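These notes concern the structure reproduced below.
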Amino acid sequence: MLTISPDLSIDDGELEEHFVRASGPGGQNVNKLSSAVQLRFHLFGSPSLPPEIKQRVARLAGRRLTREGQIVIIAQRFRSQERNRTDARERLAALLRRAAEPQLVRRPTRVPAAAKRQRLADKRKRAERKAGRSRSGLEPE
């Protein structure tokens, strides 16, 4: 059971794990053992998630979401298969947790009238200061 929040969890039967050979550090084990984990989760076929969370996950998943609607997470950071397996599950849980957070609705705000007046007054002062620097009284010969 993969727990996302107190009221949201995913059954282990919905997760599919494949062990593949990893690249990177590991010495001779890299060529002999399949220590990398490819975790697959069928997003749109999952009965555990409500539709609105599925939509947010699909947006957040990006390249990790296949055309068939599966989220694929590849974990090969560690040398041991078990640590990679835990890492892949944690990354999936983090993605689902992020999608489960309620989105805040942005309330548009306006610039206060006093701030607009102050900005225009500052512009006028700056323009006058720069105009005072010109040497308009001297004509070139």
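The numbers here are math on the coordinates, done by the rules we state, and not lab data. This structure is a prediction, so every number in the text was calculated from the model and none was measured. Glycine also receives a Cβ, built like all others from the backbone with ideal geometry; neighbour counts cover every protein chain displayed.
Since only A115, A131, P50 are under comparison, the one whose Cα sits farthest along the positive direction of the charge dipole of the chain, derived from C-beta charges on Lys, Arg, Asp and Glu, is A131. Alpha-carbon geometry of the chain: the Rg and the Dmax are 28.7, 91 Å, given in that order.
Within the same chain, lysines fewer than 8 places from K125 are excluded, and of the rest, those with a Cα less than 18 Å from its Cα are K116. With helices as the sole contributors, the chain gives -13000 deg cm²/dmol at 222 nm; each DSSP H run of n ≥ 4 counts as -39500 (n - 2.57), and the sum is divided by every residue. Note on the chain: dipole from Cβ charges, positive end direction compared against H18, A93, Q81; the farthest Cα belongs to A93. Which is the longest part of the chain that has none of the trypsin sites (Lys or Arg not before Pro) sitting in a DSSP loop with at most 10 other Cβ atoms within 10 Å? After excluding every exposed loop site, the longest remaining stretch is 1-66. Please determine, in degrees from 0 to 90 and to the nearest 10, the orientation of helix 81-100 with respect to the longest principal axis defined by the Cα atoms of the chain, where the helix direction is its Cα long axis. Taking Cα atoms only, the helix is inclined about 50 degrees.
Once you charge only the Cβ atoms, +1 for Lys and Arg and -1 for Asp and Glu, what is the size of the charge dipole of the chain about its Cα centre, to the nearest 20 debye? Computed about the Cα centre, the dipole is about 1420 debye. Can you figure out the FRET efficiency of R119 with V20, using R₀ = 41 Å and their beta-carbon distance, to the nearest 0.05? The formula returns an efficiency of 0.10 here.
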